[in-house]
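Structure record follows, encoded as C-alpha cells.
Please treat every number below as a calculation from the coordinates, not as lab data. All values derive from a computational prediction rather than experimental measurement.
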Amino acid sequence: MLPPYIELWEELKRRGGIAKDTELFKILKSKYEISRREFNKLLMMMELRGYIHVEHLKRNEKLVRALR
C-alpha cells in the first residue's frame, strides 16, 4: 500500500492535475483511516514542499492543483 501523500499525488495526476479537496478526501478516506485534520496537514505539507497549490473557493471548499 502506498503512503497517503503518494496516493494523493497519483489521484491528482489521474484528474489532470486539479481536483476539489472533498473529492480527494473521499478517495483517501476509502483507502486509509485518515481524519479531516490529518488530510489538511497532508495538504499543507505538500503545499509547503512545492508539490501542490491549494486555493480556497468557498468556506469549506478548496481547489488543489499539482505544480510539478
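Against the set (1) 4.2; (2) 8.0; (3) 3.7, the structure's computed mean projected area of the Cα convex hull in nm² falls on (1). Per-residue ellipticity at 222 nm computed for the chain from its helices equals -16000 deg cm²/dmol, with DSSP H segments shorter than 4 residues left out and the rest contributing -39,500 (n - 2.57).
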